[in-house]
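What follows is a short report on a single structure.
The values are calculated or read from the model by the stated rules, or taken from the named source; none is laboratory data. The model shown is predicted, which means the values in this text are computed figures rather than measured ones. Every residue, glycine as well, gets a Cβ built from its backbone with ideal geometry; the counts of neighbours run over all protein chains shown.
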Amino acid sequence: MRLMNARQKLFGEIKLKNLIIESDNLIAMQNLLPTYEGKIDVMPIDPPYNTEIEYIEYKDGNYDNGWINFMQLRLEVAYKLLSKNGVMFIHIDENELLSLTMLCSKIFGVKNILTMVWKKTNERFDQNRKEKPLESGIRRTHEYVLLCFKDRDNTTLNPIKQPVWNGKEYVEIEKPLETVIDDLGTTSSAKDELAYLLGDRAIFSTPKPVKLIKEFVRAGSNKNSIILDFFAGSGTTGHAVMDLNKEDNGNRKFILITNNESNICKKVTIPRIQKAIEKFEYKEEVEIVLS
């Protein structure tokens, strides 16, 4: 169990390994292409929602040439990195759902896009949830996940492990991933996970829960898959990959890319992965590439 810190340029061949890269994600992905083109099996990403919220730790509005152009440039490179049976899970809310669906349909093909609903609140997980003001008397309890297949006709997702109530307790059973996602953690529980690891529930405003991303990775990967998150944020994807590897003795590798806005990579992503390795005794080596 060792966290390697290697300052190096992004250019040139990078061997297959766990990576945390601090860089503009477009530049980083372009430099990953020579080694990783067609080799990434799962991409769970949580991009900015373009809602112009000011309190979060990264840019969420006023993009040069527009948000959709910003996303298109990155998704076109990501498409090349995906394996022939690769899948991408993209979190989004209703603000850009329609435009993102149209963009993904253009890049992946209409038949390769599936819209899922993630219930981001759940009383079982939300002991520390702070209620936001109602919107016209309505409580917002869900977001969306666009599932994009490289080739849906020839790709079958693995069953996930879904918690279910058996009358006495919650137990995990194997079942297919469903279009309505519940009981895999919430926004609030994701903040609790950060608090456990880093001692600060508010250190990152929009994390996703480990269990949710873990089941996305399980659905789309095999034990030797490479997982890429190019909007890595708090590092949930790396944590989820390590947790799944520990569970099934897998050898999956993750690549996390995040930029230096608000010092996210050094303040949150890297410390989160290091603390997860220590606290959960993950047997992983991670190389850090700083821009």
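So the values come out like this:
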read-out: Selection from the stretch 198-210 of residues that are surrounded by fewer than 21 Cβ atoms within 10 Å (Cβ to Cβ) and either touching a residue at least 24 places away in the same chain (Cβ under 8 Å) or touching a strand residue (DSSP E or B) at 6+ places or on another chain (Cβ under 7 Å) (or both); value: Leu198, Arg201, Ile203, Ser205, Thr206
read-out: Which listed residue is surrounded by fewer than 19 Cβ atoms within 10 Å (Cβ to Cβ) and at pLDDT 95 or above, from Leu81, Leu33, Leu16, Leu100; value: Leu33
read-out: Test: residue in the stretch 258-266 that is free of Cβ contacts under 8 Å to residues at least 60 places away in the same chain and either under 19 Å from the mean Cα position of the chain (by Cα) or loosely packed, with under 14 Cβ neighbours inside 10 Å (or both); value: yes
read-out: Hits in the stretch 76-108 (condition: of a type in the set (S, T, N, Q) and touching a Gly at 6+ places or on another chain (Cβ under 8 Å)); value: Ser83
read-out: Qualifying residue in the stretch 122-137 (condition: closer than 17 Å to Gly220 by Cα and surrounded by 11 or more Cβ atoms within 10 Å (Cβ to Cβ)); value: no
read-out: Qualifying residue in the stretch 192-207 (condition: modelled with pLDDT under 95, aliphatic (A, V, I, L, M) and outside any helix (DSSP H, G or I)); value: yes
read-out: Subset of the stretch 273-290 (residues that are surrounded by 14 or more Cβ atoms within 10 Å (Cβ to Cβ) and not in a helix (DSSP H, G or I)); value: Tyr282, Glu284, Val286, Glu287, Ile288, Val289, Leu290
